[in-house]
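Each remark here refers to the structure printed beneath this line.
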Amino acid sequence: MLKKVETEPPVKPRTFLPPVSATKIAALLVLADTLALLGSGYLTYDALIVYSLSENLYTAAVVFVWLVALSLLNYGNLYRYEAATNPLRYLHRILVAISTAFLFLLAAAFTLKVSETFSRLWLAYFTAAGFAALLLMRLGISFALSHLLHVSGTKRSLAVIGSGVQSSRLIAALERDASRPVRVCGIYDDTLP
């Protein structure tokens with residue numbers, strides 16, 4: 001027989017937003033990174049190049065950097081909840097992923113012998129704008145998540161069954177990190193009376 005040991009008073013949700021989940025946050029980060037990289041590629045091309053006979057080559061370069069950067073960001077575990085809530089802690093990983101994506105572009109352009117047709121100025125601006133846009137998008141998402149988690153109803157409810165050492169460690173870990181999208185709503189004792 002389970003007996004409820006302690007509980008929080010029920011919280012009346014003030015929003016109609018669904019609870020925050022890791023899958024939704026990862027999808028939001030992928031969308032933001034896509035907008036940042038493709039947008040910065042288009043804007044730098046439009047501002048610097050305006051028109052070129054090798055327009056398709058620039059488009060292919062932007063798409064190549066976008067796909068490689070998304071793969072490297074995923075490989076660097078940058079689509080996790082922790083990376084979304086604190087992007088400055090993972091700044092070095094983001095920088096390495098973006099730099100590696102652009103270095104792969106340079107290697108591919110050199111191998112295909114099309115490096116002479118690329119504007120080096122465009123490549124430098126695209127690199128800087130892509131990194132800046134990606135960082136700004138992630139900082140915006142972090143800010144939005146921190147405010148969203150203070151709204152009632154967006155955290156998932158968690159009931160802990162057991163009152164042993166492991167459950168007390170779990171509860172202490174959850175209380176230390178208030179940015180987690182989890183609210184402990186009750187602890188149930190599983191010992192027999």
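The values are calculated or read from the model by the stated rules, or taken from the named source; none is laboratory data. Being a predicted model, the structure only gives us computed values, none of them experimental. Using ideal geometry, Cβ is built from the backbone for each residue, glycine included, and neighbour counts are taken over all protein chains shown. Ligands, DNA and RNA are stripped out before the accessible areas are found, and what is left, the full protein with its side chains, is counted by its heavy atoms. Shrake-Rupley method; radii C 1.70, N 1.55, O 1.52, S 1.80 Å.
For segment 33-81, how many residues meet the condition of being more than 18 Å from Ser115 (Cα to Cα) and in contact with a Gly (Cβ under 8 Å, 6 or more places away or on another chain)? Counting residues in segment 33-81 that are more than 18 Å from Ser115 (Cα to Cα) and in contact with a Gly (Cβ under 8 Å, 6 or more places away or on another chain) gives 5. For the residues Ser115, Ser142, Ser40, the requirement of being over 30 Å from Asp177 (Cβ atoms), open to solvent by less than 50 Å² (accessible area, probe 1.4 Å) and either without any contact (Cβ under 8 Å) to a residue 24 or more places away in the chain or in contact with a Pro (Cβ under 7 Å, 6 or more places away or on another chain) (or both) singles out Ser115.
So for segment 138-150 (the condition being over 20 Å from Leu28 (Cβ atoms) and not in a helix (DSSP H, G or I)), does at least one residue qualify? Within segment 138-150, none of the residues are over 20 Å from Leu28 (Cβ atoms) and not in a helix (DSSP H, G or I). Check segment 101-112 and report whether any residue there is hydroxyl-bearing (Ser, Thr, Tyr), surrounded by 15 or more Cβ atoms within 10 Å (Cβ to Cβ) and out of contact with any Pro (no Cβ under 6 Å at 6 or more places or on another chain). No, because not a single residue in segment 101-112 is hydroxyl-bearing (Ser, Thr, Tyr), surrounded by 15 or more Cβ atoms within 10 Å (Cβ to Cβ) and out of contact with any Pro (no Cβ under 6 Å at 6 or more places or on another chain). Within segment 78-89, residues that are of a type outside the set (Lys, Arg) have Cβ atoms under 7 Å from residues that are at pLDDT below 90 and in a loop (DSSP other than H, G, I, E, B) in these pairs: Thr85/Ser179, counting only partners at least 6 apart in sequence or on another chain. Against the conditions (1) within 25 Å of Leu149 (Cβ to Cβ); (2) modelled with pLDDT of 95 or more, Ala83 satisfies every one except (2).
Among the residues of this structure, Thr59 does not count as one that is open to solvent by 30 Å² or more (accessible area, probe 1.4 Å) and modelled with pLDDT under 85.
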